[in-house]
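The next block holds one structure in the form of structure tokens; read it before the comments.
Only the coordinates and a few stated rules stand behind these numbers; no lab work does. Being a predicted model, the structure only gives us computed values, none of them experimental. All Cβ positions, even for glycine, are placed from backbone atoms using ideal geometry, and neighbour counts span all protein chains on display.
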């Protein structure tokens, strides 16, 4: 009886000129194929001169593609240097390069990454073009500035509470025209509630008497000092936000335009056109987005200019990297992730994600609570069936498919697209009501048939 011999199975090398990099805060470990250098694994500091030396070493041994794993933003300087050297760089997901159980070191990590990349088992994470990355960096910085400004607005509210001034509970926005005017007058020394209440804007719903009562309090010196500094800091951050808006607008105007010069967004079919911009919305943002995308995404129910801007900064004006709408939704992690074992579905939950574009779409679905559109009706049905969190994910998935179709086909949004779905849903509602009436012994009669 012949003995079977165990044969080692090795995967074919698809990328012979591949390297693996494990990026850290102070050290970078690089592995090249073992036949290229007597010392195929090297460690480099993260100074710029050392990163240039790393790139020279890779080019010396004709490395054409690199896969790197990193946390935070430590990978960006090396990524940009290697891109300038015409080396194909792929930033890989840490979950895709997990090694077998055992001792984990930076040396073994870079070797494992190099092996996986050489046999073609790694794919790079999506990264938009450099011009979009520049806008994205500023837009994220702008979000941080808004959070800092909001923090000082909360400090102002706390100072008013400690003086028992209830003006921020009477008017909707403390940082609006009325609120800022009243705080400026208070810090200027005015204490007469009648004179302060006269600064009320005509559109404020609260009466002048109510505002007068809210401005009677204990004007203590320490709280006035806190209020003055917080207001000063708030206005300083507002100036910084305006500077960022101007810089972002310049960058967006450099993007290739997909519409004719001077063409404005079409007059939409939304019943209630918004006359005033959204809070923290840059001026003429809708027009800039229309030139970049070639379609007006704000015509989609629940999508406003800030949501569309988030999609632009995170993805870019083109969706060519995604071959289908399903691939786009999968990248957003808005699709179920089924886990099947033994023919049974163990779980079909969506994978957790911190994708900012997906988060923006989920937040946008909250505007559909009272919408009379097809999407609003769909959201309410999903909410009654699955609960709010799952309904938000399902509706965000549908919004992502609509946006993908609009951007890739350059077709404007029309509410008549869902006319057939709305008619079918109306017939389903009618049939359900008639069935319930028959069960209870009643008969439904249309209103136009009642004498």
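Determine, for each peptide in 386-393, 113-120, the mean count of other beta carbons within 10 angstrom over its residues, then list the peptides with the highest first.
113-120, 386-393
Could you please rank 383, 104, placing first whichever residue has the fewest other Cβ atoms within 10 Å of its Cβ?
Lowest to highest Cβ neighbour count: 104, 383.
For the range 291-372, report the translational diffusion coefficient in µm²/s to the nearest whole number, using Stokes-Einstein at 20 °C, 1.002 mPa s, and a Kirkwood Rh over Cα pairs.
Approximately 148 µm²/s, per Stokes-Einstein.
Using r as the Cβ-Cβ distance of residue 410 and residue 445, and R0 as 30 Å, what FRET efficiency do you calculate, to the nearest 0.05?
That pair, residue 410 with residue 445, gives E of 0.05.
Quantify how much of the Cα-Cα distance distribution of the range 203-356 extends past 24 Å, in percent.
Percent of Cα pairs beyond 24 Å in the range 203-356: 59.
Report the paramagnetic label zone for residue 390: residues of the range 299-328 whose backbone N is under 14 Å from a point 7 Å from Cα along the Cα-to-Cβ axis.
none
If you average the C-alpha positions of the range 321-362 and of the range 189-259 separately, how far apart do those two centres end up, in angstrom?
42
According to a simple spin-label model (label point 7 Å from Cα along Cα-to-Cβ), what is the distance in nm between residue 140 and residue 324?
3.1
Rounded to the nearest 0.05, what FRET efficiency is calculated for residue 341 and residue 287 with R0 set to 56 Å and r the Cβ-Cβ distance?
Rounded to the nearest 0.05, the efficiency is 0.60.
Where does each of 25-31, 419-425 land if you order them by average Cβ count within 10 Å, highest first?
25-31, 419-425
Direction-averaged shadow area of the convex hull around the Cα atoms of the range 18-118, nm²?
Projected over every direction and averaged, the Cα hull of the range 18-118 covers 6.0 nm².
What is the distance in Å between the Cα centroid of the range 275-315 and that of the range 115-185?
Distance between centres, Cα-based: 17 Å.
Pop a pseudo-label 7 angstrom from the Cα along the beta-carbon direction at both residue 53 and residue 106 and give the gap in nm to one decimal.
The two pseudo-label positions are separated by 1.4 nm.
Under a no-solvent Debye model with one identical scatterer per Cα of the chain, what's log10 I(q)/I(0) at q = 0.10, 0.13 Å⁻¹?
At q = 0.10, 0.13 Å⁻¹ the computed log10 ratios are -1.00, -1.25.
What is the antiparallel percent of DSSP beta bridges lying wholly in the chain, to the nearest 5?
60
With just the Cα atoms of the range 131-253, tell me how far they stretch along each of the three principal axes, in Å, largest first.
Between the extreme Cα coordinates on each principal axis of the range 131-253 lie 53, 32, 21 Å.
So what are the radius of gyration and Dmax for the Cα set of the range 110-160, in Å?
For the range 110-160, the Cα radius of gyration and maximum Cα-Cα distance read 20.9, 64 Å.
Extension gain residue 424-residue 85, at 0.36 nm per residue separation less the Cα-Cα distance, in nm?
Extending this stretch completely gives an extra 116.3 nm.
Using the per-residue mean of other Cβ atoms lying within 10 Å as a proxy for protection, in what order, highest first, do the peptides 33-42, 50-59 fall?
Sorting 33-42, 50-59 by mean packing, highest first, produces 50-59, 33-42.
Using the beta-carbon distance between residue 333 and residue 208 and R0 = 56 Å, what value does 1/(1 + (r/R0)^6) give for FRET efficiency, to the nearest 0.05?
Working from the Cβ atoms, E equals 0.60.
With contacts defined as alpha carbon pairs under 8 Å and 6 or more residues apart, what's the relative contact order of the chain in percent?
After rounding, I find 10 percent.
To test your reading of the geometry: what angle, between 0 and 90 degrees and rounded to tens, separates the Cα axis of helix 221-253 from the longest principal axis of the chain?
60
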